[in-house]
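Engineer: For reference, the structure I am asking about is given below.
Read-outs throughout are calculated quantities, based only on the coordinates presented, and are distinct from any laboratory measurement. The shown structure was predicted, so the numbers you read here are calculated from the model rather than taken from an experiment. Here the Cβ positions follow ideal geometry from the backbone for every residue, glycine too, while neighbour counts run over all protein chains shown.
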Amino acid sequence: MPIAQVNGLALAYDDTGGSGPVLVFSHGFLMDRTMYAPQIEALRARYRCISWDQRGFGETGPVAAAFSYWDSAKDALGLIDALGIAQATFIGLSQGGFLSMRAALLAPQKVKALVLFSTRAGLDTDETEQNFLGLKAEWTAHGAANVAGFLGNVLVGGAPADQAPWQAKWAAMSKDALAHPIDTLVGRDDLTPRLAEIAQPAIVFHGDADSAIDIGFGEALAKGLPGCKGFVRIPGAGHAPNLTHAGLVAAPLTDFLAQWA
């Protein structure tokens, strides 16, 4: 497992190498870089695929200080700088989409295109924010013991076999693991007023059974991005369609990357 020293952090990442166009994969909340295994396996022969673990998750692990998704965007940009990469297509799911859009705003010359899964530009309702804070309190008290099943349904969906690997990873996380990541999620700023500034070619994927971020927010995101080349509705998919419905994701993703990555 390679480590990159970026912004005072030791970022864990994987890099398939090669001379093809570069794809940077950013995972969702409570996930890690392995969530893109189906896509990376399919794409690695043509593209250089880089996946990484964000602050608080995977083998990058917990952080001791508060951070924002702007900081996470700088982490992703710093990672490609550290690897000597001038430009990449950013692929992000949920919070990975939050940071990918911010990276496009911070350094448009470095972000060639955007692939956005199950994400949105705006903010959550007060009720949703309170639910996240409740999750933080529960996790701090008991870890994942009482919430793993619920989180599997909300964050992954699909069959029990799809959820089981993630539930095992959550069970191994410390009780203080979500302290800063949930604050980051709840405290993020609204990107809606700045969507018109994101001119890169983009494609938006969203499952129509996503209970974490309703598909309507994905549709609104696609309409608000001036460079959006398409909105892909994944029937029956929850929050992680790239995992549970990889076959339905494959063709539109491949077609988009062939033209724009």
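Engineer: Just wondering, is there one or more residues in region 57-67 that are of a type in the set (Val, Ile, Thr) and either within 25 Å of Gln259 (Cα to Cα) or surrounded by fewer than 18 Cβ atoms within 10 Å (Cβ to Cβ) (or both)?
Structural biologist: No, region 57-67 contains no residue that is of a type in the set (Val, Ile, Thr) and either within 25 Å of Gln259 (Cα to Cα) or surrounded by fewer than 18 Cβ atoms within 10 Å (Cβ to Cβ) (or both).
Engineer: Only residues that are part of a helix (DSSP H, G or I) and under 20 Å from Ile182 (Cβ atoms): list them for region 102-124, please.
Structural biologist: Arg102
Engineer: Applying the selection to region 155-184, what residues are of a type outside the set (Asp, Glu), in a helix (DSSP H, G or I) and closer than 12 Å to Leu135 by Cα?
Structural biologist: Residues satisfying the conditions are Ala179, Pro181, Ile182.
Engineer: Sticking with this one: Can you tell me which residues in region 10-31 are crowded, with 20+ Cβ neighbours inside 10 Å, at negative phi and not hydroxyl-bearing (Ser, Thr, Tyr)?
Structural biologist: Passing the criteria: Leu11, Ala12, Val22, Leu23, Val24, Phe25, His27, Gly28, Phe29, Met31.
Engineer: Please determine, by comparing only the residues of region 140-149 that are part of a helix (DSSP H, G or I) and touching a helix residue (DSSP H, G or I) at 6+ places or on another chain (Cβ under 9 Å), which one is surrounded by the fewest Cβ atoms within 10 Å (Cβ to Cβ).
Structural biologist: The residue in question is Gly149.
Engineer: For the list (1) surrounded by fewer than 24 Cβ atoms within 10 Å (Cβ to Cβ); (2) among the β-branched types (Val, Ile, Thr); (3) within 24 Å of Ala237 (Cα to Cα), I need the number of the one condition that Ile91 fails.
Structural biologist: If we test Ile91 against (1) surrounded by fewer than 24 Cβ atoms within 10 Å (Cβ to Cβ); (2) among the β-branched types (Val, Ile, Thr); (3) within 24 Å of Ala237 (Cα to Cα), just (1) comes out false.
Engineer: Which condition number in (1) out of contact with any helix residue (DSSP H, G or I) (no Cβ under 6 Å at 6 or more places or on another chain); (2) of a type outside the set (Asp, Glu); (3) outside any strand (DSSP E or B) is the one that Lys229 fails?
Structural biologist: Of everything listed in (1) out of contact with any helix residue (DSSP H, G or I) (no Cβ under 6 Å at 6 or more places or on another chain); (2) of a type outside the set (Asp, Glu); (3) outside any strand (DSSP E or B), Lys229 misses just condition (3).
Engineer: Now for a separate question. Looking for something under 16 Å from the mean Cα position of the chain (by Cα), closer than 19 Å to Gly97 by Cβ and in a helix (DSSP H, G or I) - is there at least one such residue anywhere in region 190-202?
Structural biologist: Taking every residue of region 190-202 in turn, none turns out to be under 16 Å from the mean Cα position of the chain (by Cα), closer than 19 Å to Gly97 by Cβ and in a helix (DSSP H, G or I).
Engineer: Can you name the condition, by its number, that Gln5 falls short on among (1) surrounded by fewer than 17 Cβ atoms within 10 Å (Cβ to Cβ); (2) in a loop (DSSP other than H, G, I, E, B)?
Structural biologist: (2)
Listed here are the residues, each with its yes/no results for (1) under 15 Å from the mean Cα position of the chain (by Cα); (2) without any contact (Cβ under 8 Å) to a residue 12 or more places away in the chain; (3) under 30 Å from Ile198 (Cβ atoms).
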| site | (1), (2), (3) |
| --- | --- |
| Val115 | yes, no, yes |
| Gly122 | no, no, yes |
| Thr125 | no, yes, yes |
| Gly134 | no, yes, no |
| Ala148 | no, no, no |
| Asn153 | no, no, no |
| Gly157 | no, no, yes |
